[in-house]
1. Could you give the length gained by full extension between GLN50 and GLN183, i.e. 0.36 nm per residue of separation minus their alpha carbon distance, to one decimal place?
2. Give me D for the chain in µm² s⁻¹, whole number, from Stokes-Einstein with Rh from the Kirkwood sum over alpha-carbon pairs, 4 °C and 1.567 mPa s.
3. Give the residue list of trypsin sites (Lys or Arg not before Pro) in segment 50-104 that are DSSP loop and have at most 12 other beta-carbon atoms within 10 angstrom.
4. For segment 4-247, what does the relative contact order come out to in percent, with C-alpha contacts under 8 Å and a separation of six or more?
5. Aspartates and glutamates near LYS248 by alpha-carbon distance under 17 Å, same-chain residues fewer than 8 away left out - which ones?
6. At 15 angstrom or more along the helix axis (alpha-carbon based) and mean Kyte-Doolittle of 0.5 or higher, what helices does the chain contain? Whole DSSP H runs only.
7. Local charge sum around GLN82 (other residues, Cβ-Cβ under 9 Å, Lys/Arg +1, Asp/Glu -1)?
8. Roughly how far apart, in whole Å, are the Cα centres of segment 88-130 and segment 235-250?
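What follows is calculated from the coordinates using simple rules that are stated; it is not laboratory data. The model shown is predicted, which means the values in this text are computed figures rather than measured ones. Note: ideal-geometry Cβ built from the backbone for every residue, glycine included; neighbour counts use all protein chains shown.
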Amino acid sequence: MRKKIVAGNWKMNTTVPEGVILAQDVVAKLSEVPSDVNLVVAPSFVHIAQVGEVVNGTSVGLSAQNCADEVKGAYTGEVSAQMLSSIGVKYVILGHSERREYYGETNEKLVKKVNLALAEGLTPIFCVGEKLEERKANKHFDVVGEQVKEVLFTLSAEQMANVVIAYEPVWAIGTGETATKEQAQEIHAFIRATLAEKFGALAEEISILYGGSCKPSNAQELFAQKDIDGGLIGGAALKAEDFIAIAKSF
């Protein structure tokens, strides 16, 4: 049975006190969440220690939004995978479209990040997805397939078993647009079939999350699809009530 995961990517939002309150609100509502749904929160780096104190001892997993592509050294402003694991972080979001678009992250760099995260016992939430012009040009399968193959095909099966994938149609992030349930299922199934080319039956065990403007109003129909195992949630994760409502949508 694949893990059901609802992960909240807070991005560059909330002050530390606001983030602590948000985490407390999520924890306070945990009793409403089905026991087989794994909740994850991904605050800013400066929040992680304080938010970690709030979720420690609960079923909520702590995630970072990124990590460095080097082990340690003279890399001002960077945060290593080892630093994250040392304070109880369990997950790390890697390859988010905003990192690719604004900060020039390449598949080559992401291979290093994924390997460093896995070596520290972190679970990468590895993001793939196409831009609007690529979708309109019917290149979405090519783009997503390349992202999967160039990064994840470098891993062993043992490593791949500890990776979560998030499909994010870039054209649907923060725009209010959402892929239809049919569009989302189609590409989730494609991702799973692509994984099967390299990893065989293991592909059926990998959780693949939907990450494009998922909210309480559409989560249920998305999560009902055969190959969608949860969501990587942006804006709706900034309100505990909405985040919990999404988690209850399975």
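1. Difference between extended and current length: 44.0 nm.
2. It diffuses with D of about 72 µm²/s by this estimate.
3. Working: sites: LYS72, LYS90, ARG99, ARG100; in loops: LYS72, LYS90.
When the trypsin sites (Lys or Arg not before Pro) of segment 50-104 are filtered for loop state and at most 12 Cβ neighbours within 10 Å, LYS72 remain.
4. 21
5. Straight-distance partners of LYS248: ASP25, GLU32, ASP36, GLU221, ASP229.
6. For the chain, where a helix must reach 15 Å along its axis and average at least 0.5, the hits are 16-28.
7. Working: positive: LYS72; negative: GLU120.
Overall, the nearby charge balance is 0.
8. Taking the Cα centre of each part, segment 88-130 and segment 235-250 sit 24 Å apart.
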